[in-house]
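The values are calculated or read from the model by the stated rules, or taken from the named source; none is laboratory data. Computed from a prediction, not measured in an experiment: that's the story for all the values here. Don't worry about glycine lacking a Cβ; one is built from the backbone with ideal geometry, like all the others, and counts go over all protein chains shown. The area values use the complete protein model at the heavy-atom level, side chains included, leaving out ligands, DNA and RNA. Shrake-Rupley method; radii C 1.70, N 1.55, O 1.52, S 1.80 Å.
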Amino acid sequence: MNLRIANMWAKYSCPEWNKIRILRKFCRLRYQKTAERYWMSPEGSQLTRRYKAGEVIDTYPKPYCLQGFANWPEKGDKKNYNLISDQSLCVIKYPTSYCAWKIFEETGTWPRKTSSERLDAKRWVQFLQEAGYSKVVDHPSEGHRYVGVNPDIGEWGLVVWLEEKHKKGKVLVSSYVKKRYKKWWVKEKDFTWVLIH
């Protein structure tokens with residue numbers, strides 16, 4: 001995977017550098033396909049096998065996970081918008097994109113909302129419902145996959161992926177925090193748990 005080319009596609013998918021809408025869409029599809037091709041590559045496949053064998057590791061694909069990808073100062077205003085989104089339209093290197101990736105990795109389908117509303121992490125229970133995941137549980141059980149939502153953490157809320165490890169009211173989770181992979185233990189009761197499968 002060529003990072004320079006991936007960054008070129010990402011840059012020209014943004015209104016800040018490209019005013020032609022159809023070309024922006026084409027460029028977006030190019031860098032998104034790069035991520036999916038990485039997932040199917042020998043390196044990406046090996047990470048997935050290790051993860052499915054029980055190793056808690058970062059499988060978020062390249063180029064999304066690379067610190068050098070789309071590392072320009074972010075602008076969210078409509079005229080100069082330059083945020084890079086994944087196939088679920090979640091901004092990369094943020095918790096929502098990471099959890100959307102984990103859902104894709106687990107199910108083979110990227111979750112997508114059906115409304116035109118902005119659904120940040122704090123509103124991800126609604127996002128997941130729109131994507132077809134509506135079962136909310138108080139206590140996640142082992143052997144299943146869940147996304148945890150806490151709307152009260154930070155300005156935008158936090159979503160996490162539940163790893164299959166439980167101990168005394170706590171669960172091991174993973175996500176992207178400050179644009180980097182993180183795994184840590186949280187209190188089960190601090191999150192709303194949505195069943196993925």
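General remarks:
- Computed from Cα atoms, the angle from the helix 95-107 axis to the main principal axis of the chain rounds to 70 degrees.
- Candidates Y133, Y94, Y64: whichever shows maximal mean-square fluctuation once the chain is modelled as a Gaussian network with Cα springs under 10 Å: Y133
- The orientation-averaged shadow of the Cα convex hull for the chain, equal to a quarter of the hull surface, comes to 10.8 nm².
- Model label sites at K167 and K135, defined 7 Å from Cα along the beta-carbon direction, differ in position by 2.8 nm.
- With all protein chains modelled, accessible area of T114 [1.4 Å, Å²]: 110
- List S41, S175, ordered by accessible area with a 1.4 Å probe, largest first: S41, S175
- Share of carbon and sulfur in the accessible heavy-atom surface of region 1-134 [1.4 Å probe, %]: 54
- Extended-chain gain in nm, criterion 0.36 nm per residue less alpha-carbon gap, W72 and I5: 22.6 nm
- Region 32-171 - charge dipole about Cα centre, Lys and Arg +1 at Cβ, Asp and Glu -1, debye rounded to 20: 100
- Residue-normalised accessible area of the chain, given per residue in Å² at a 1.4 Å probe: 54
- Electrostatic dipole magnitude of region 1-87 [Cβ: Lys, Arg +1; Asp, Glu -1; Cα centre; debye, to 20]: 480
- Calculated Rg and Dmax of region 27-84 using C-alpha coordinates, Å: 14.3, 46
- Toward the positive end of the charge dipole of region 9-98, with +1 on the Cβ of Lys and Arg and -1 on the Cβ of Asp and Glu, the farthest Cα among P61, L89, M40 is that of L89.
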